[in-house]
Amino acid sequence: MKFNKLTRSKMNTTLEEIANLVGAQVAEEFKSLSIAGIASVGEAQEGHLTFFGNQKYLPALKSSKASAALVPIDFTEEINAVPLRVENPSLAFSRVIEHFAPEPVVFAPGVHPTAVIGEGVELGEDVSIQAFAVLEKGVKIGRNSVVCAHVYLGHNATLGDDCRIYPNVTIREGTLIGNRVTIHSGTVLGSDGFGYEFSQGRHVKIPQVGIVQIDDDVEIGANVTIDRARFGRTWIQEGCKIDNLVQIGHNVEVGKHSLLISQVGISGSTKLGKYVILAGQVGVVGHIEIGDQAIVGAKSGVSKSVAPGKKLFGIPAMEAGDYMKIQARLRKLEDLFQRVKTLEKEQ
Amino acid sequence: MKFNKLTRSKMNTTLEEIANLVGAQVAEEFKSLSIAGIASVGEAQEGHLTFFGNQKYLPALKSSKASAALVPIDFTEEINAVPLRVENPSLAFSRVIEHFAPEPVVFAPGVHPTAVIGEGVELGEDVSIQAFAVLEKGVKIGRNSVVCAHVYLGHNATLGDDCRIYPNVTIREGTLIGNRVTIHSGTVLGSDGFGYEFSQGRHVKIPQVGIVQIDDDVEIGANVTIDRARFGRTWIQEGCKIDNLVQIGHNVEVGKHSLLISQVGISGSTKLGKYVILAGQVGVVGHIEIGDQAIVGAKSGVSKSVAPGKKLFGIPAMEAGDYMKIQARLRKLEDLFQRVKTLEKEQ
Amino acid sequence: MKFNKLTRSKMNTTLEEIANLVGAQVAEEFKSLSIAGIASVGEAQEGHLTFFGNQKYLPALKSSKASAALVPIDFTEEINAVPLRVENPSLAFSRVIEHFAPEPVVFAPGVHPTAVIGEGVELGEDVSIQAFAVLEKGVKIGRNSVVCAHVYLGHNATLGDDCRIYPNVTIREGTLIGNRVTIHSGTVLGSDGFGYEFSQGRHVKIPQVGIVQIDDDVEIGANVTIDRARFGRTWIQEGCKIDNLVQIGHNVEVGKHSLLISQVGISGSTKLGKYVILAGQVGVVGHIEIGDQAIVGAKSGVSKSVAPGKKLFGIPAMEAGDYMKIQARLRKLEDLFQRVKTLEKEQ
């Protein structure tokens, strides 16, 4: 099956119009150049605008078929594309994207006739409740929020203003969600924490009666799981951004503006400070603290508390400098064995 | 947005009442102390009860604002909170939580008018089928089981008594589920196993015609995936507890009362014995056996069969003792390189 | 609860019939032997047919209770089961499975009365749209495709011919899907890519206005997440097979006939060539290229571009040969420390 891949980014404009949009100069002869689409240096075809945001893409830019390229002010390389010089090519490109992007999907206010709305549900102004949404008894939703198709909101769950909850999200009873929160499809908030007491050869469930609290301006990716607290709350603070397939255990706290990249797992009762970054596939044990602005490299396993500002790497995670040294030494380990052998012979 | 985080754990009771509940003594002067909530040592405020279950939280307990604390019988430290001495503070705390927890959500028996019920479906006594549930032809459900909103039960799937299937779970055709099984939201049982034959430059699908069987008293977390068998069954035995985002391949068998912590992945046809524990993010190759009561540490990669009772760690997984030794040596590797250099100079 | 585990594979046939099916000879005396089921060597009971496809299962085959076994032409071991000699026992077994498998679930063409079909939706011949499916404005679906219960198809999403989209899948606006594509339950296509600019202490969202494109003959497992592009497309090319719980970031390209095993994560803008294999739990950083036919071992972390045909292992990933050497040396590290100590004493 052949797709016309440009369908969604088709534009019909001139280079002059784009130059005006981003505050760049363009030589008279190129002003009327027709720009039909936007693409990365690697994907761009004739008639496309691209951008140069990272030195490593210079060879790709040089061989790119793009007709025009956003480049830094001090850019001096020879390229086939017509250069548009701007302060920050990446940001300028974002502005162009937004300007020419397909209209974002808008869900009109109102409650779809198929939605199931429980007793005592309170809906703010201009809320949109889509097909097959289920809002159990006591749910409260602030104004301008959109609850997409097939979303489940459990008893007494609360959602603030200007939220968007994408299709097939499950939000269990009692969950508290602030303003301007976005939750992507397939995500589950408020599932029971993983807690059992071992007794007479069996794992006996410890009741999980706490809640999940998500503060303002948080975005949560697709198929994420955040367990409810054993008691009290599992707490994601203001401005955090959580990528797809992340797991957050019961009673975890994630401090303001932290980033959790895809497939991270955090065990129960661990606390993260502000501006923490956990890179992809990091695992963190339970009951520890990770200080403000700490950064943990991809695939690391954090087994004890981390001081603020540290950069860690490895399994178990150690200071990035120590980790790098060990990695360098490992590559010379074969050599070391030979050197010791030589010493032994010379003995 | 400001939440009153205690909403769900508000209580209005005296310390005497709590002491009676857990069988503790309380001095006359503190009997009428008012307890308004329960919280961990770190989160507790004035008026709260907390508990001391782990020596590492002693500094936190000492600086806690809690008004009372459940502590061990032999506890002698000076703390600001009024101590309530009990055998097992953690267990006693659980009892208090249960007593004061918000009423659990109850789904009344009956079939929601929006549910789609196929031909020949058999429903036991007091079953609750919630909004938009789909039960295909031949599904059987035992008594007292709850099928929440948006759950899909494929053709001839069977569910025992006293089960709870949370919203947005998918249970594919032919799946067999025992009694007292809990399945959290977003989980998929019976998706096709990952099996292809490579032929003429393409991956040709091997039909996956087996089933998934879940025995009694199993709990499965959120967004878990358990593939159907190529033939026969993928089998989770009695009493197993499976955390969020775990992947279980086709024809895997998990022995009784095993624990699979979050983000574990088990490849096809591998067999786990009884009481096995796989910690978070462990990966296990296909076609091996892991013996009874083996324990595999977090993030390890198991590449060959494991004898009963072993404790493993690392990638590839090795006996925990050997792993610890190597880790200790790695931290002295830099030093070893220096020592060899010195020896070479002295030569 | 007791299940009759053979329910779904019950057959009632003779060994002669099976021999004919796979082109094997069977001695006269065993022709009328009754075969009641099929099972692996470990699970097989009296009356079952099994197969011997892997030398490591020889002890299991010898102690198997199976009544008959498909074995290679040159098989000479003594076993209790009646041997059926064939070129490829595994393939022959697949043929038997298919022949005796339960009837696959068939969804009759038509649109379920509960489905919500938006304006301008185009449905091909013999399409089946199941209960509670939501097809937003402008969705196009080719002939013979099946959209199962609770599937969400966003605005202008396009699906080719002969596709099957299992229950609870979310396909966001603008997604392009080719012919003969299978998507398992819980999977999310087209969620926003993870992209923010850090400005004044906050993470500001970068609009994600591209799409996801899935080419012909792709199969995607359960609870997978594939993010839409920042602009342009995230692109899964023809014939790829993606296992459960895999994460694919924005603007990633996966070349033809590549295999991504369970729980793999690929960061934004990375490009994979053709016939690449990423084993379970592999992580790949963003903005790199992995060449055609490269193979990355389980749990590895790929941090820079990989040449075609390479076999990599480890965190960070290195050539498999180098990795194996280091692993072997690590097991002798303790010994090396002792040898250096001895040398120092002898100095």
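Tabulated data for the structure shown
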read-out	value
Where N is the number of residues in region A:267-310, Cα Rg divided by 2.2 N^0.38 Å	0.99
Share, in percent, of DSSP beta bridges within the protein assembly as shown that are antiparallel, nearest 5	10
Loop sites in region A:288-347: chymotrypsin sites (Phe, Trp or Tyr not before Pro), DSSP, at most 14 other Cβ within 10 Å	none
Over region B:1-114, volume per residue of the alpha carbon convex hull, in Å³	156
Student exercise, the protein assembly as shown dipole from Lys, Arg, Asp, Glu Cβ charges, in Debye to nearest 20	2480
Residues C:Ser303 and B:Lys345, FRET efficiency given R0 of 30 Å [Cβ-Cβ distance, rounded to 0.05]	0.25
Violating pairs (Cα-Cα greater than 24 angstrom) within the set B:Lys274/C:Lys2; B:Lys140/C:Lys241; B:Lys241/B:Lys299	B:Lys140/C:Lys241
Cβ neighbours within 10 Å from other chains - mean over C:213-223	5
Calculated diffusion of region B:284-341, Stokes-Einstein form, Kirkwood radius summed over Cα pairs, 25 °C and 0.890 mPa s, µm²/s	195
Percent of C-alpha pairs per 10 Å bin, region A:140-253, short to long	16, 49, 25, 8, 2, 0
Convex hull volume per residue for region C:60-210, taking Cα atoms only, in Å³	216
Exam field: B:His287 pseudo-label spacings to other copies (7 Å along Cα-Cβ), nanometres	4.1, 4.1
Ascending count of other beta-carbon atoms within 10 Å, so fewest first, for B:Thr182, C:Thr50	B:Thr182, C:Thr50
Proximal lysines to C:Lys341, defined as alpha-carbon separation beneath 22 angstrom and excluding residues fewer than eight positions away on the same chain	A:Lys332, A:Lys341, A:Lys345, B:Lys325, B:Lys332, B:Lys341, B:Lys345, C:Lys332
Options C:Cys148, C:Asn12, C:Ile288, ranked by Cα towards positive dipole end of chain C, top entry (Cβ charges)	C:Ile288
Gyration tensor (Cα) of the protein assembly as shown, equivalent ellipsoid semi-axes in angstrom	39, 39, 38
Chain A: proportion of alpha-carbon pairs further apart than 37 angstrom, %	42
Peptide B:35-42 - average C-beta neighbours from other chains (10 Å radius)	3
Partner chain coverage, peptide A:315-327 - average Cβ within 10 angstrom	3
Per-selection Kirkwood Rh - region A:229-347 (Cα, Å, 1 d.p.)	15.4
Cβ crowding within 10 Å averaged over residues, with A:154-160, B:185-191 ranked highest first	B:185-191, A:154-160
Ranked packing of C:253-266, B:26-39, most packed first, by mean Cβ within 10 Å	C:253-266, B:26-39
Chain B: DSSP helices with Cα axial extent of at least 30 Å and average Kyte-Doolittle hydropathy no lower than 1.6	none
Potential extension, C:Val105-C:Glu17 segment - 0.36 nm per residue separation minus Cα distance	29.1 nm
Reach of C:Lys271 by Cα under 13 Å, taken over aspartates and glutamates that are not fewer than 8 positions away in the same chain	A:Glu43, C:Glu253, C:Glu289, C:Asp292
Unit charges at the beta carbon, dipole of chain C: most positive-side option, C:Pro113, C:Ser94, C:Leu189	C:Leu189
Which of B:Ile220, B:Gly232, B:Ser199, positive extreme of dipole for region B:167-253 (C-beta unit charges)	B:Ser199
Cα centroid of region C:166-194 to Cα centroid of region B:168-213, whole Å	18
Kirkwood Rh and Cα Rg combined as Rg over Rh, evaluated for region C:19-59	0.99
Sum of side-chain charges, B:Phe313 neighbourhood, beta-carbon under 13 Å (Lys, Arg +1; Asp, Glu -1)	+2
Mean residue ellipticity (222 nm) of the protein assembly as shown, computed from DSSP H runs ≥ 4 via -39,500 (n - 2.57), nearest 500	-4000 deg cm²/dmol
Copy-to-copy label separations for B:Gly309, where each label sits 7 Å from Cα toward Cβ, in nm and ascending	5.0, 5.0
Net charge dipole size for region A:148-252 [Lys, Arg +1 and Asp, Glu -1 on Cβ; Debye, nearest 20]	440
Sequence of C:Lys311, B:Lys332 once ranked by neighbouring C-beta atoms within 10 Å, starting from the fewest	B:Lys332, C:Lys311
Copies compared at B:Glu46 - label distances in nm, ascending, label defined 7 Å from Cα in the Cβ direction	7.8, 7.8
Cα-centre dipole for chain C with unit charges at Cβ (Lys and Arg positive, Asp and Glu negative), debye to 20	1300
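Throughout, read-outs are computed from the coordinates displayed, never taken from laboratory work. The shown structure was predicted, so the numbers you read here are calculated from the model rather than taken from an experiment. Neighbour counts are summed over all protein chains in view; Cβ atoms, including those assigned to glycine, are modelled from backbone coordinates with ideal geometry.
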